[in-house]
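The values are calculated or read from the model by the stated rules, or taken from the named source; none is laboratory data. Just so it is clear, the model here is predicted, and its values are computed rather than measured. No Cβ is skipped: glycine too gets one built from the backbone with ideal geometry, and neighbour counts run over all protein chains shown.
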Amino acid sequence: MAVKVTASDGTEPQGGFTDRDEGRPAAESVGERLLGALLDRVHLIAPRLAGQLIAQEARIAGATDVSIHLQDLAQLTLRPLTGPGLVGDPLLIADSSAGQAFATEESVEEWFPDGSVRLHLPLLDGSNRVGVLGLTLPQLHDYDRQLAQRLAGLVADMIVTNDNYTDAFTRVRTAGPLSLSAHLQWQMLPPLSMTTPVVDLSGILEPAYEVGGDSFDYAFNEHVLHVAVFDAMGHGLEAATMATVIIAAYRHGRLAELPLTELYPAMDQAIATSFPGRFATAQLGHLDTETGVLSWVNAGHPPALWVRGSRVIGELTGPVSRPVGFGAGTPVVQTAQLEPGDRVLFFTDGVVEERLSDGEQFGEERLRGLIEQTTAADLTCAEAVRRLSHALMAARSGRTSDDASLLLLEWKGPPRDDELDRDIPEATPTG
C-alpha cells in the first residue's frame with residue numbers, strides 16, 4: 001500500500017524503470033538485472049560501499065537522486081548514508097515524507113508537475129525498521145512499485161548483513177556522543193521490533209546515548225513468545241556489565257528451555273556469584289500465542305500495564321519476588337488471559353520515578369494518559385513505543401537522571417491453520 005503526496009494536479013503517468021539497453025518500459029528482465037546485479041556484486045565489494053553500489057545499480061535501472069536514510073539510536077531522525085551517487089540530508093521522522101514512510105511502514109509517493117515521482121520506501125529487515133530508501137523515477141506504474149518494494153527489501157538485508165563487517169552504518173545511526181556503557185547495552189540488544197501474524201512487539205531504551213543498566217530481550221520459539229526486561233543496580237559501566245551477565249544468564253536458561261520457576265533461580269545464582277551484594281530487578285514472561293495466556297515473574301519492577309483498545313484496563317499485579325541476586329528461591333508465577341488485540345507494556349522504574357522540575361514525581365497516572373494518547377491512533381507497537389518514549393521525554397522536559405526502558409507486546413490472536421499457506425505461496429512447477 002502506498003501513500004500519495006501529490007505535488008501537482010497529479011495525473012498518474014505510465015512507465016518508470018526502463019530497460020537500460022533499449023529504453024523500453026520496464027520488463028521483468030529489468031528487475032532481474034537490477035536485483036541480480038546487487039546480489040552478484042555485494043559480496044565482492046568492501047562492506048562500507050554497499051550504499052554506493054545500491055545507488056549505482058538503481059541509477060543504471062533508471063532511478064535518480066537515490067538516498068538511503070537510517071534511523072538514529074534515539075529514533076528521532078533519519079540520517080543519510082553518504083558517498084558517490086547518494087544524496088540526502090538529515091530528516092526529522094515526525095516532519096518529512098521519508099519519516100512518514102518509516103513511521104507507517106508503507107511507501108510514500110511524491111508527485112511533481114513534470115510527471116516524475118519521488119518514492120520513499122521503508123527498509124524492513126523482516127519486521128525490524130532499518131530506515132528509508134528514496135529514489136526518483138521519471139514515470140511510475142504498478143510494475144515499478146513492485147520492483148521498488150523488492151529493491152527496498154534487498155537493500156535492508158544488505159545493510160543489516162554488511163553492518164556486521166563495518167562501523168560505517170553504526171556511525172551514521174549515532175547522532176551524538178555514545179557512552180561506553182550505552183555501547184555495551186546496544187551490542188546486547190535484539191532487534192528493536194518484531195511483527196508476526198500472531199504477535200507484535202517492540203522495545204526502546206532511554207537515554208539512548210547514555211543508558212547503563214536497563215535492557216530487554218525476547219525470543220519467539222514454537223508457539224511461545226519469551227520476553228524479559230532488566231534494570232541492573234547502579235549506573236554507567238558497572239551497571240551495563242551486570243546487565244550483560246544477566247542477559248547471558250537469561251538466554252542460557254531460555255535455550256535450555258527452563259521454566260520460569262527454574263530460570264529465575266539460575267539467573268539469581270549467576271548475579272549473586274558474579275556481583276556479590278548487588279542485584280538487578282526483572283520481569284520475565286511467557287506468552288502462549290495459541291491460547292493468549294501470559295505468565296510472568298515480577299522481580300522488583302513496577303507492575304506491567306494492560307491495554308485494551310486505547311484504554312489502560314489494569315495492571316499485572318500480584319506477589320513480587322525479590323530482585324535477581326538476592327537469592328530468593330522459587331518465584332511466584334502469575335498468569336493472565338489476554339484477548340486478541342490486547343497489549344501489555346513492561347517498563348522499568350526510571351519511567352515513572354523521574355522528578356519533574358517542581359520536584360513532583362512523574363508518576364504512573366501521567367504514563368497511563370500518554371499510553372492512551374499514543375495507542376488511540378491504531379499504531380504498530382514499534383511506532384507506539386517510539387512516540388510514547390518521546391512523549392515521556394517531552395513531558396519530563398528532557399530530564400533523565402535514571403535509565404528507562406519500555407517493552408510493548410500485542411497478542412493478535414491464535415494462529416490460523418492456513419497461516420503457512422498464506423504467508424509462503426507454493427512454488428509453481430516449471431519445465
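Okay, here's what the table says:
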quantity	calculated
Qualifying positions in region 86-106 - of a type in the set (A, V, I, L, M, F, W, C) and either assigned to a helix (DSSP H, G or I) or without any contact (Cβ under 8 Å) to a residue 12 or more places away in the chain (or both)	I93, A94, A98, A101, F102, A103
Region 142-169, residues that are of a type in the set (V, I, T) and either surrounded by 18 or more Cβ atoms within 10 Å (Cβ to Cβ) or modelled with pLDDT of 95 or more (or both)	V155, I159
Criterion (touching a helix residue (DSSP H, G or I) at 6+ places or on another chain (Cβ under 6 Å) and part of a helix (DSSP H, G or I)) met by exactly one of A240, A182, A228	A240
Boolean, R79 is farther than 19 Å from S107 by Cα, outside the structural domain of E383 (by TED's automatic domain parsing) and touching a residue at least 12 places away in the same chain (Cβ under 8 Å)	no
Unmet requirement for V66, which otherwise passes all of (1) at pLDDT below 95; (2) crowded, with 21+ Cβ neighbours inside 10 Å; (3) more than 30 Å from M393 (Cβ to Cβ)	(1)
Restricting region 104-113 to residues that are surrounded by 20 or more Cβ atoms within 10 Å (Cβ to Cβ) and either in contact with a Gly (Cβ under 8 Å, 6 or more places away or on another chain) or not hydrophobic (A, V, I, L, M, F, W, C) (or both), the residue that is nearest to N128 (Cα to Cα)	S107
Failed criterion for A101 (all others in (1) farther than 21 Å from A384 by Cα; (2) buried (at least 22 other Cβ atoms within 10 Å of the Cβ) hold)	(1)
Checklist (1) surrounded by fewer than 24 Cβ atoms within 10 Å (Cβ to Cβ); (2) over 21 Å from A384 (Cα atoms); (3) modelled with pLDDT under 95 applied to T136, failing item	(3)
Index of the failed condition, S295 passing every other in (1) surrounded by fewer than 23 Cβ atoms within 10 Å (Cβ to Cβ); (2) of a type in the set (S, T, N, Q); (3) assigned to a strand (DSSP E or B); (4) touching a residue at least 60 places away in the same chain (Cβ under 8 Å)	(4)
